[in-house]
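Some notes on the structure that comes next.
The values are calculated or read from the model by the stated rules, or taken from the named source; none is laboratory data. Keep in mind that what you see is a predicted model, and the values were worked out from it rather than measured. We place every Cβ from the backbone using ideal geometry, glycine too, and count neighbours over all the protein chains shown. These accessible areas exclude ligands, DNA and RNA; they are computed on the full protein's heavy atoms, side chains included. Shrake-Rupley method; radii C 1.70, N 1.55, O 1.52, S 1.80 Å.
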Amino acid sequence: MQAATTAGSRSRRAATPAPLLMLAALMLVTGISGGLYRLGIAPSAIAATGWLGRAGLAHAALMIGAFLGTVIGIERAVAVKLRGAWLAPIASALGGACLLLGQAHVGAWLGVAAATLFAAVNVVVVRRQPAIHTALLWLASVAWLAGNLLFATGGGSEAVLPWWFAFLLVTIAAERVEMTRLMRRRPVAHPLLFGVLALMFAGAATSGFAPRVGGLLYGLSLTALASWFLLFDIARRTVATKGLPRYMAVCLLAGYLWLAVGGIGWASTALGLPLRDIALHALGLGFVFSMMMAHAPVILPAVARIKIEFGRFFYVPLAALHASLLLRLGAGWFDAGLRSTGAVLNAASIALFAATLAGAALAWRIQHDGPTVQDILHG
Amino acid sequence: MSESMSPPVAHAAASPAQSPFPYEGPDELRGPIAAALQRVVDPEVAMSIVDVGLIYGVTVAHGKIHLRLTMTSVACPVADVIVDDVENELDRIAPADLQIQVELVWEPPWTPARMSERAKIFMGW
């Protein structure tokens, strides 16, 4: 792997194919639309079209597998630099498209193919660097495969969702474990994490046939994982810096708090309390989307070859997401109208974040490549 | 991204007599190269790639700056962005006739022992 440039020129490396990025973005937009449709929020003209109903049915599959699975698959393909690694995100994105087009069976099995290919890519990663964090990346892909197999064979949401979320949670945990290597090793950290993940997998495996016990174990594991992050993650140190590292740390720490809330919500739902929206969206939006907002300014340049000019304005969509989640999951628990308003504002926060990224990319271009005042004045 | 934020850890310009990584080449380029590499920051850890210990060595010879760089993880998708940042920073200080070659290497694997003293202090060692 060599990059050679002569002073005065720059290297150019292959970016993610634009159609794949556009398909991933489409999965996000349709997934969010489906989520709003489930809450009864959709313009009647759009609601009459078939795809929105199908997006509503497949909301979790679109958000977790077709969008986040595709994005994570792209990240890994960029890292391993193997042509075959691109097949996993292509399969997951096409699987999502099939779900939208009414080909649910084909879509679900494309999801299985995507997770199988992704697990194989992670075997390559482990072989290149045998380490705890790479082993966890592989374990995450196995959780995704388990969830997708259950989904394709007609498993209910109680059985499927714990595995799908485990895919995201273990992927994030792997990345955080890698970062903790920069801190002084604490002997209890790894055994504690292994215990938490064992609890998570036990909860996921049990949820299909004993939802009460499984959900309780799974919820406990989420709150324990949040505690682990808050105790051992480097974000506690990097939050004291400034600029992009501080912003990333703020996203991470806020996300860990939502993960704890999601765990309590998950366990309470298993015990019969009406906290399902809190369980799913404290986790999916509060935790997972916070992680996404943290890493997007770093990952976008890597996967799309788009440079970003970071600025304090990144805190605006982050604050909007967390405020709208408080509205949805806090006040919304008492009032269905506020819950719907919160959900719409959740979607608006994500749209605002997308606009922020576009603005930050434009700002970078203006600052580094854009025309000078002289150019403009003299045509 | 190194251009858009200032490193949170205070960095003094490297002394010409001493490099924080193995260096072979003209003495007059030792300081500027070390300073250029200090400006490349890994945003996730808020530290320069020099302090994290990602630079395995720099050789300036035969019309070329050859730099060996590693990452903490093979699954890191940001490797190419950091390589780009390294090239851009070296580009700013290198004489125009010097070619810049950045090689991403995985042997020997990175370990925390490679971190600088100030990086360890920052991370609470």
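For the stretch A:331-346, enumerate the residues that are open to solvent by less than 20 Å² (accessible area, probe 1.4 Å) and of a type in the set (Gly, Ala, Ser). Result: A:GLY332, A:GLY342, A:ALA343.
Filtered by the rule that a residue be assigned to a helix (DSSP H, G or I), within 12 Å of chain B (Cβ to nearest Cβ), open to solvent by 40 Å² or more (accessible area, probe 1.4 Å) and not aliphatic (A, V, I, L, M), the stretch A:75-126 gives a lone residue, A:GLU75. Taken together, the residues in the stretch A:286-301 that are hydrophobic (A, V, I, L, M, F, W, C) and either facing chain B (nearest Cβ under 9 Å) or closer than 12 Å to A:PHE353 by Cα (or both) amount to 7.
Just wondering, is there one or more residues in the stretch A:42-58 that are within 15 Å of the chain's Cα centre (by Cα), modelled with pLDDT of 60 or more and either part of a helix (DSSP H, G or I) or within 14 Å of chain B (Cβ to nearest Cβ) (or both)? Looking through the stretch A:42-58, none of the residues is within 15 Å of the chain's Cα centre (by Cα), modelled with pLDDT of 60 or more and either part of a helix (DSSP H, G or I) or within 14 Å of chain B (Cβ to nearest Cβ) (or both). Of the strands (runs of 3 or more DSSP E) lying entirely inside the stretch B:44-125, those containing at least 2 residues that are more than 8 Å from every other protein chain (Cβ to nearest Cβ) are B:55-61, B:64-69.
Selection over the stretch B:95-120 of residues that are over 18 Å from B:LEU69 (Cα atoms) and within 16 Å of the chain's Cα centre (by Cα) gives a count of 2.
Evaluation of A:PHE229 against the conditions (1) farther than 25 Å from B:LYS120 by Cα; (2) assigned to a helix (DSSP H, G or I); (3) away from chain B (no Cβ under 14 Å) shows that the sole unmet condition is (1). The numbered conditions (1) touching a Ser or Thr at 6+ places or on another chain (Cβ under 8 Å); (2) crowded, with 23+ Cβ neighbours inside 10 Å; (3) at pLDDT below 95 are all true for B:VAL50 except (3).
Screening A:TRP258 against (1) aromatic (Phe, Trp, Tyr); (2) within 12 Å of chain B (Cβ to nearest Cβ); (3) open to solvent by 10 Å² or more (accessible area, probe 1.4 Å) leaves a single unmet condition, (2).
Within the stretch A:148-173, being of a type in the set (Gly, Ala, Ser), part of a helix (DSSP H, G or I) and surrounded by fewer than 23 Cβ atoms within 10 Å (Cβ to Cβ) holds for A:ALA152, A:SER157, A:ALA159.
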